[in-house]
């Protein structure tokens, strides 16, 4: 039988609380996420990013083949991540990081494949910059009610243009 040493619950809770407090600050949230995992996704010339984009292209092609067989047009709504929106809204930059590289490359690919590509990255960054109300929950990255409303209003206002 394996014995697991008791955790110092007080210490664990203190660390979690400290990380949550730091994530309330835009700068620390963006830097924390870059250090932990996002950097590889946004380094424009990075092999990891290129590999992930290729996987996405392959998935899009499979989805396109499926909808084409049913005579349906494929539409993709790209929802950016919380750090990307905060960084764009607040003007954060880091050497080698391109917050829009994935969106631009996939948008061009989608256009060539006759896939409707809908990106709300700029609208979300503008919305966040305007009133600094969170569009994402900072701990899990899901949209808040304000984020859902912003995306829904964008789609509603632009649906006719997008479907041309």
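The values are calculated or read from the model by the stated rules, or taken from the named source; none is laboratory data. Quantities reported herein were computed from a predicted structural model and do not represent experimental measurements. Here Cβ is always computed from backbone atoms with ideal geometry, including for glycine, and neighbour counts include all displayed protein chains.
Structure summary
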| quantity | calculated |
| --- | --- |
| Output for segment 29-45, where each listed residue is loosely packed, with under 15 Cβ neighbours inside 10 Å and at pLDDT 75 or above | 40, 45 |
| Residue satisfying all of: in segment 142-164; in a loop (DSSP other than H, G, I, E, B) and exposed (fewer than 14 other Cβ atoms within 10 Å of the Cβ); nearest to the chain's Cα centre (by Cα) among these | 142 |
| Selection count where residues are over 16 Å from the mean Cα position of the chain (by Cα) and at negative phi, scope segment 94-104 | 2 |
| Every residue from segment 109-128 that is assigned to a helix (DSSP H, G or I) and loosely packed, with under 11 Cβ neighbours inside 10 Å | 112 |
| Segment 129-141, subset in contact with a strand residue (DSSP E or B) (Cβ under 9 Å, 6 or more places away or on another chain) and under 12 Å from residue 86 (Cβ atoms), residue surrounded by the most Cβ atoms within 10 Å (Cβ to Cβ) | 135 |
| Flag if residue 49 is touching a strand residue (DSSP E or B) at 6+ places or on another chain (Cβ under 6 Å), more than 24 Å from residue 144 (Cβ to Cβ) and in a helix (DSSP H, G or I) | yes |
| Selection count, segment 82-107, where residues are in a helix (DSSP H, G or I), farther than 17 Å from residue 124 by Cβ and free of Cβ contacts under 8 Å to residues at least 24 places away in the same chain | 0 |
| Pairs with Cβ under 9 Å, 6+ apart, first in segment 57-73 and part of a loop (DSSP other than H, G, I, E, B), second surrounded by 13 or more Cβ atoms within 10 Å (Cβ to Cβ) | 73/67; 73/115; 73/116 |
| Scan of segment 16-30 for residues that are touching a residue at least 12 places away in the same chain (Cβ under 8 Å) and within 18 Å of residue 97 (Cα to Cα), ordered by number | 26, 27, 29, 30 |
| Scope segment 71-91; condition more than 18 Å from residue 55 (Cα to Cα) and surrounded by 18 or more Cβ atoms within 10 Å (Cβ to Cβ); matching residues | 82, 83, 84, 85, 86, 87, 88, 89 |
